[in-house]
Amino acid sequence: MHKAADRIRNVALVGHRGSGKTSLHEALLFQAGAVNRLGSVIDGTTVSDSDPDEKARQMSISAALSSFEWQDRKVNLIDTPGDSSFIADALGALRVCESAVFVVNAVMGVEVHTTRLWQRASELDLARLLFVNMLDRERADFFRTLDSLKSAYGQHVVATSIPIGSEHEVSGVIDLVDMKAYEYGAGRDNCREIPIPDALQATAEEYREKLMDEVSESSDALMERYLEGEEISHDEIVAALKDGTNHGSLFPVTCGVATRNLAANRLLDAIVEDLPSPVKHGGLQVGEVTLAPDENKEMFSYVFKTRADPFAGRINLFRVYQGVVKQDSQVLNTRTHNKERIGQLLTFEGSQTGHATDFGPGDIGAVAKLKETKAGDWLASRDEPISMPSIKLPAPVMAFAVEPKSKGDEDKVFTALRRLQEEDPTIDLHRDQQTGEQIVAGLSQVHVEVIVERLKSRFGAEVNLKPPRVPYQETIRRSAKAHGRHKKQTGGRGQFGDCHIEIEPLEAGSGFEFVDAIKGGVIPSGFIPAVEKGVLEAMHEGVVAGYPVKDVRVRLYDGSYHTVDSSEMAFKVAGSQAMKQALEQAGPVLLEPIMLVTVSVPEDSVGDVIGDLNSRRGRPLGMEPTGGGMTDVKAEVPMAEMLSYAPDLRSITGGQGEFTMEFLRYEEVPGHLAGKVVDEARAEREAVKA
Ligand SMILES: Nc1nc2c(ncn2[C@@H]2O[C@H](COP(=O)(O)OP(=O)(O)OP(=O)(O)O)[C@@H](O)[C@H]2O)c(=O)[nH]1
Ligand SMILES: [Mg+2]
């Protein structure tokens, strides 16, 4: 039988890369008894970094769900990757959880990615706890970290515990609600109450007071009594803290050492006591439909993650918003309108995969072997066209042309890429219309490397990556007239086509226009489309560097024909000849794509970033602080200068910067650079011929 919705806690573990989420996930599982051994990231023995490439890189790449019981509540805990290349999984987890635990490194304090995720959690109105981890590390400083959190996320970030000892001497924590101290040894039953150390008494009181200031703000009545110096009872504090956290008006901070299972038990208590259940958080409004955590209503579940499992095959993770999902049942996929059979339902209990008979409203579960369902789909008991408000994902900006290492493997590679894309919506796949190359684009170098590794390890598909070619175009600057005449007499029936055209530039982005201005039937109407075909063929490869010609109006105004020798073929050739000549005389120029680039960087690197963009022929458009010490710099930059931007930005900002870019328009390539593009294009064509 499924757990009642008010006994469930759905929690996403999020934070900057390497802050210790996976280690903390492991400690929480261990403390709750879901695993018998505390696995470690370094040894590659954690439950959540289970993929070979996660172990090899010692980083999380995919979201991992674990479910366990604590104090008779069911906790669904989703460990998420901290690397910004894999942010889709972190955002997907935030979307289906009522709460998030932010894991913060006590040496580094607030980091860029923490802030980005914090903003998303605010938009989604999530309840939040913070866990300051790595207290045992050299230069770890809980109080400095707390200050950085407060200044980034506001005064409602408040400590509910403080450490005893620091760096390698850290030995426990003081709980500021109970005003009790706890010392931690090794293993699971490692927590022992001790008197508050004398040396820390004053600090504990100081931080208890700060906590009381915040807690008392939760209600006017409490505030009044607090200001008058009245005693606030322990139960009242607990209730106010819980209420503030539930409503996202208080953000309690706890601390510990994930790798030593130090204070994981206090975090578990906070998760079940202070964070809201799906019932508390209320229904979900999707379009016209409101879904309520009610098990007697029709079932609606949202699939937030699709992944490959070495044992169970393709697995879909879903969140039930209403009704009950039952094993051996049929449901509808509202995107495809097809039925899916739910066979076995899966739960991930620590290192074991278990089976469930059903999942009730508010719960998160998994199902294997669905036919067509993938992340982003809804499974429901009736065909209601609903869609989750889309999550804004960063645009893939690291693009490469992929080629199979062995010829003939094209289909295999493409199918494998499609499968990977199902698991990761930030992978972009497309064939470049102009260059014909198969392009794969990701968010970063690491992202694309992981894609290539997975192609090989999972699908046995080996590929080469090449930087993609810039899709240059050509256009004309003035009008010109030309005459095309195709005449051949080779015994028997000849060929004859003859046309006069005038071409003129059109406004950028307007494409191609063909005007038939033939009078008196000097070219019979049946041959006119052939002339147009010839013109278009000539425009396919412009006269500057062989790139497609855009934004031209062609007027066919005169010509002649021969009753016997004229043919469509002959007029096509004539049209093409005329167009080539006309282009030569119409001031042809080379165009390049200009991108709108938005770079998100810490304030102190803004100068360097702008300087670098200038050196890439960029035009800065402005900047805008986005909170948490971050600034967005916007600039227009030619695409040709951005092909290797990702690694460069990483080195300029020490890994703290991120960027997105989108196509804006085409602009003329400056004269001194056009020559180089022309030479390269020529060399390439010759290489193809050879
Ligand atoms: N000393 C110390 N090391 C820790 C602690 N927590 C994690 N680590 C180490 O820090 C490194 C990163 O830890 P992870 O748990 O992989 O961090 P993560 O946040 O899951 O990393 P990503 O998934 O890549 O974002 C590993 O080498 C851990 O062993 C801690 O509390 N103390
Ligand atoms: Mg991790």
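The values are calculated or read from the model by the stated rules, or taken from the named source; none is laboratory data. Everything numeric here is computed off the predicted structure, so don't read it as measured data. In this analysis, Cβ positions are derived from the backbone assuming ideal geometry, glycine residues included, and neighbour counts consider all displayed protein chains. Please note that ligands, DNA and RNA were not included when accessible areas were found on the heavy atoms of the full protein model with its side chains. Shrake-Rupley method; radii C 1.70, N 1.55, O 1.52, S 1.80 Å.
Solvent-accessible area per residue in region 540-650 equals 41 Å², computed with a 1.4 angstrom probe and all protein chains kept. Shape call for region 245-328 from the C-alpha gyration tensor, a ≥ b ≥ c root eigenvalues: rounded (a/c under 1.5), prolate (a/b greater than b/c) or oblate? Oblate shape, in that a/c is at least 1.5 and b/c is the bigger or equal ratio.
Listed by chain and number, the aspartates and glutamates placed with their C-alpha closer than 17 angstrom to that of residue 519 are 498, 502, 532, 558; residues fewer than eight positions away on the same chain are left out.
The candidates 309, 498, arranged from most to least accessible area with a 1.4 Å probe in the full protein assembly, appear as 309, 498. Residue-wise HN-Hα couplings along region 438-448, as the Karplus relation 6.51 cos²θ - 1.76 cosθ + 1.60 with θ = phi - 60° gives them from phi, are 7, 9, 10, 10, x, 8, 6, 4, 4, 4, 5 Hz; Gly and Pro carry x. Each Lys and Arg adds +1 at its Cβ and each Asp and Glu adds -1 at its Cβ; summed about the Cα centre, the chain shows a dipole of about 3380 debye. A straight chain from residue 596 to residue 685 at 0.36 nm per residue would run longer than the Cα-Cα distance by 29.0 nm.
Is any residue of region 556-596 close enough, with backbone N under 18 Å, to a label point placed 7 angstrom from the Cα of residue 477 along the Cα-Cβ axis, and if so, which? Under cut-off, by backbone N: 582-593. Scaled against 2.2 N^0.38 Å for its residue count N, the alpha carbon radius of gyration of region 1-49 is 1.34. Along the charge dipole of region 1-103, pointing to its positive end and built from +1/-1 on Cβ of Lys, Arg, Asp and Glu, which listed residue (68, 92, 47) has its Cα farthest out? Highest projection toward the positive end goes to 68.
Just to be sure I understand: if I project the alpha-carbon convex hull of region 319-433 onto a plane and average over all orientations, what area do I get in nm²? Reported value for the Cα convex hull: 10.5 nm². At q = 0.16, 0.19, 0.21, 0.24 Å⁻¹, what log₁₀ I(q)/I(0) does region 613-690 have when each alpha carbon counts as one equal point scatterer in the Debye sum? Calculated log10 I(q)/I(0) at the listed q: -0.77, -0.96, -1.08, -1.24.
For region 442-473, the list of GluC sites (Glu not before Pro) that fall in a loop by DSSP and count at most 16 other C-beta atoms within 10 angstrom reads 462. Once you reduce region 136-185 and region 454-494 to the center of their Cα atoms, the two points are 64 Å from each other. Distance from the alpha carbon centroid of region 568-603 to that of region 1-37 works out to 56 angstrom. Remark: relative contact order (region 590-670) = 48 percent; criterion is Cα-Cα distance under 8 angstrom and separation of 6 or more residues. Please compare each pair in 466/550; 456/533; 3/456 to a cut-off of 32 Å on the Cα-Cα distance and tell me which ones are over it. Over 32 Å apart, Cα to Cα: 456/533; 3/456.
Amide H to amide H, with H built 1.01 Å from N, residue 304 comes under 5 Å of 317, 318, 319, 376, counting only residues 5 or more places away or on other chains. A cut-off of 5 Å between modelled amide H atoms, ignoring neighbours fewer than 5 places along the same chain, links residue 362 with 320, 321, 322. Please identify which residues in region 485-529 have an amide N closer than 19 Å to a label point set 7 Å out from the Cα of residue 433, following the Cα→Cβ vector. In region 485-529, the label zone of residue 433 (backbone N under 19 Å from the point 7 Å along Cα→Cβ) covers 506-514.
Which of the residue pairs 339/369; 326/371; 55/371; 55/392; 339/374 have a Cα-Cα distance greater than 25 Å in the structure shown? Among 339/369; 326/371; 55/371; 55/392; 339/374, the Cα-Cα distance tops 25 Å for 55/371; 55/392. The separation of region 233-296 from region 637-685, counted between C-alpha centres, amounts to 47 Å. Size check on the chain: the Cα extents along the three principal axes, sorted descending, read 111, 59, 50 Å.
Please work out how much length the chain gains when fully extended from residue 564 to residue 614, using 0.36 nm per residue of separation minus the C-alpha to C-alpha distance, in nm with one decimal.
Gain on stretching residue 564 to residue 614: 11.7 nm.
For residue 176, the residues whose amide H sits under 5 Å from its own are 161, 162, ignoring neighbours fewer than 5 places away on the same chain, with H placed 1.01 Å from N.
A full extension of the chain between residue 188 and residue 221 corresponds to an added length of 7.8 nm, given 0.36 nm per residue minus the alpha carbon distance. Phi angles of region 135-150 translate, via the Karplus equation with coefficients 6.51, -1.76, 1.60 and θ = phi - 60°, into HN-Hα couplings of 4, 7, 6, 4, 6, 6, 8, 4, 6, 5, 4, 4, 4, 5, 5, 4 Hz per residue; Gly and Pro are given as x.
At a probe radius of 1.4 angstrom, the accessible area of region 298-380 per residue rounds to 38 square angstrom. Classification of region 59-200 by its C-alpha gyration tensor yields a prolate form. The axis ratio a/c (a ≥ b ≥ c) is 1.5 or more, and a/b outweighs b/c. Take the Cβ atoms of residue 624 and residue 662, set R0 to 22 Å, and the FRET efficiency comes out at 0.85. Against the longest alpha carbon principal axis of the chain, how many degrees, from 0 to 90 and to the nearest 10, is the axis of helix 410-423 turned? Computed tilt is about 40 degrees.
Projecting the Cα atoms of 511, 526, 492 onto the charge dipole of region 454-608 (Cβ charges, centred on the Cα centre) puts 492 farthest toward the positive pole.
Taking only protein heavy atoms and a 1.4 Å probe, the accessible area of the chain is 48% carbon and sulfur. Taking θ as phi - 60° and the Karplus parameters 6.51, -1.76 and 1.60, the scalar couplings of region 660-674 work out to 10, 8, 9, 5, 9, 5, 9, 9, 5, 6, x, x, 5, 9, 4 Hz in sequence order, x denoting glycine and proline. Here region 319-460 is treated with +1 on each Lys and Arg Cβ and -1 on each Asp and Glu Cβ, and its dipole about the Cα centre works out to around 220 debye.
Our summary gives the chain a relative contact order of 10 percent, counting only alpha carbon pairs under 8 angstrom and 6 or more residues apart. Based on Cα contacts under 8 Å between residues 6+ apart, region 311-403 shows a relative contact order of 34 percent.
Once the Cβ-Cβ distance of residue 371 and residue 230 is raised to the sixth power relative to R0 = 45 Å, the FRET efficiency obtained is 0.10. Using only side-chain charges placed at the Cβ, +1 for Lys and Arg and -1 for Asp and Glu, the dipole size of region 504-551 relative to its Cα centre rounds to 160 debye. Modelled spin labels at residue 418 and residue 206, positioned 7 Å past Cα toward Cβ, are 6.3 nm from each other.
In the chain the longest region clear of trypsin sites (Lys or Arg not before Pro) that are loop-assigned by DSSP and have at most 13 other C-beta atoms within 10 Å covers 140-370. Treating r as the C-beta distance of residue 673 and residue 449 and R0 as 35 Å, the FRET efficiency rounds to 0.70.
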